[in-house]
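See below for the structure under consideration.
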Amino acid sequence: DAKTTQPTSMDCAEGRAANLPCNHSTISGNEYVYWYRQIHSQGPQYIIHGLKNNETNEMASLIITEDRKSSTLILPHATLRDTAVYYCIVRPHLGTGNQFYFGTGTSLTVIP
Amino acid sequence: EAGVVQSPRYKIIEKKQPVAFWCNPISGHNTLYWYLQNLGQGPELLIRYENEEAVDDSQLPKDRFSAERLKGVDSTLKIQPAELGDSAVYLCASSGESGEGYEQYFGPGTRLTVT
């Protein structure tokens, strides 16, 4: 069962920051927030994950609210290649037995 | 490092025919997953292997679907007989114990069309 709510679609101008929101109001204390994306005709790709602190890597930044009920994935300078479906997932961190429930995600279109 | 390899990339068959998909996970990854992805939906887990053991197959329609992972490396997913509703993308993923997150690494998928 999906535990997250995301907008169905978003647009972003090329070169601007893309901010993708995710609501996870029922998140448990041991659950992390993961983000994956899926470019057309490819398998999903891991982007970033976090527990309660903001995280940044070479692809994106993850901002998690203090109450952990929502988060935002930030692509600082969106390019056309960032056009994809972005999935926000919550799950316990340890153990491969915990499923990723992908839901339907947010379809991001980067506009030239 | 090579990623998850799947073949074939595309398959078109007539209903009631059998079909098989093959997956080679990332070297050293003990956990292997098969997912089903319908158009406009996110991937849904069919089966998860830990080495050669299927530890979660609760979502696998066992009347027509079967899977195996001999020797705990490559895996095959089979449908027999295929139905029109099986048209979808079948994704394979693998994960290992390195790092913290047990992130799953996905292959490109096999797009099945049943006519």
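The values are calculated or read from the model by the stated rules, or taken from the named source; none is laboratory data. Please read all numbers here as calculations on a predicted model, not as lab measurements. Note that each Cβ is placed from the backbone with ideal geometry, even for glycine, and that neighbours are counted across all protein chains shown. Remember, those area values only see protein heavy atoms, side chains included, never the ligands or the DNA or RNA. Shrake-Rupley method; radii C 1.70, N 1.55, O 1.52, S 1.80 Å.
Quick notes
- Here the Karplus relation 6.51 cos²θ - 1.76 cosθ + 1.60, evaluated at θ = phi - 60°, turns the backbone of the stretch B:11-22 into coupling constants of 8, 10, 9, 8, 4, 6, 7, x, 8, 9, 10, 10 Hz, with x for every Gly and Pro.
- Per-residue shielding of A:47-56, expressed as the average number of other chain Cβ atoms within 10 Å of the residue Cβ, stands at 1.
- Dividing the mean sequence gap of close Cα pairs (under 8 Å, 6+ apart) by how many residues the stretch B:11-115 holds gives a relative contact order of 36 percent.
- Computed from backbone phi with θ = phi - 60° and the Karplus coefficients 6.51, -1.76 and 1.60, the 3J(HN,Hα) list for the stretch B:57-70 is 10, 5, 9, 8, x, 6, 6, 10, 9, 9, 8, 8, 9, 5 Hz; x is used for glycine and proline.
- Peptide packing for A:59-72, A:25-38 was compared via the average number of neighbouring C-beta atoms within 10 Å per residue; ordered from the highest value, the list is A:25-38, A:59-72.
- Using a probe radius of 1.4 angstrom, the carbon and sulfur fraction of the accessible surface of the protein assembly as shown is 48%.
- Gyration tensor (alpha-carbon) shape descriptor, the stretch A:46-105, a/c threshold 1.5: oblate
- The residue list A:101, B:55, B:79 was ranked by how far each Cα lies along the charge dipole of the protein assembly as shown toward its positive end, using unit charges on Cβ atoms, and B:79 comes out on top.
- Straight-distance crosslink candidates among aspartates and glutamates, where the alpha carbon sits under 14 Å from residue A:52 and sequence neighbours closer than 8 are dropped: A:31, A:66, A:67
- Within the stretch B:25-115, chymotrypsin sites (Phe, Trp or Tyr not before Pro) in DSSP loop having at most 14 other beta-carbon neighbours inside 10 Å: none
- FRET efficiency for residue B:63 and residue B:20, using Cβ-Cβ distance with R0 set to 25 Å, rounded to 0.05: 0.90
- For residue A:109, residues with placed amide H under 5 Å, excluding near neighbours: A:10, A:11, A:12
- Per residue of A:29-42, other chain Cβ atoms within 10 Å of the residue Cβ number 2 on average.
- When accessible surface is computed with a 1.4 Å probe, chains B and A are found to bury approximately 1700 Å² between them, both chains counted.
- Over 20 Å (Cα to Cα) - which of B:11/B:71; B:15/B:71; B:15/B:62; B:16/B:71 fall in this group: B:11/B:71; B:15/B:71; B:16/B:71
- Tensor-based shape of the stretch B:54-93 (alpha-carbon gyration tensor, a/c under 1.5 rounded, otherwise prolate or oblate): prolate
- For residues of B:46-53, the mean tally of beta carbons on other chains within 10 Å: 1
- A Förster radius of 22 Å combined with the Cβ-Cβ distance from residue B:38 to residue B:7 puts the calculated FRET efficiency at roughly 0.55.
- With θ taken as phi - 60° and the Karplus curve 6.51 cos²θ - 1.76 cosθ + 1.60 applied, the whole-hertz 3J(HN,Hα) list for the stretch A:66-76 is 4, 7, 6, 8, 7, 8, 9, 8, 10, 9, x Hz, x standing for glycine and proline.
- Tensor-based shape of the protein assembly as shown (alpha-carbon gyration tensor, a/c under 1.5 rounded, otherwise prolate or oblate): prolate
- Annotation: per residue accessible area for chain B equals 51 Å², rounded to a whole number [probe 1.4 Å, protein chains only].
- Rolling a 1.4 Å probe across the protein heavy atoms gives chain A an accessible surface of 50 Å² per residue.
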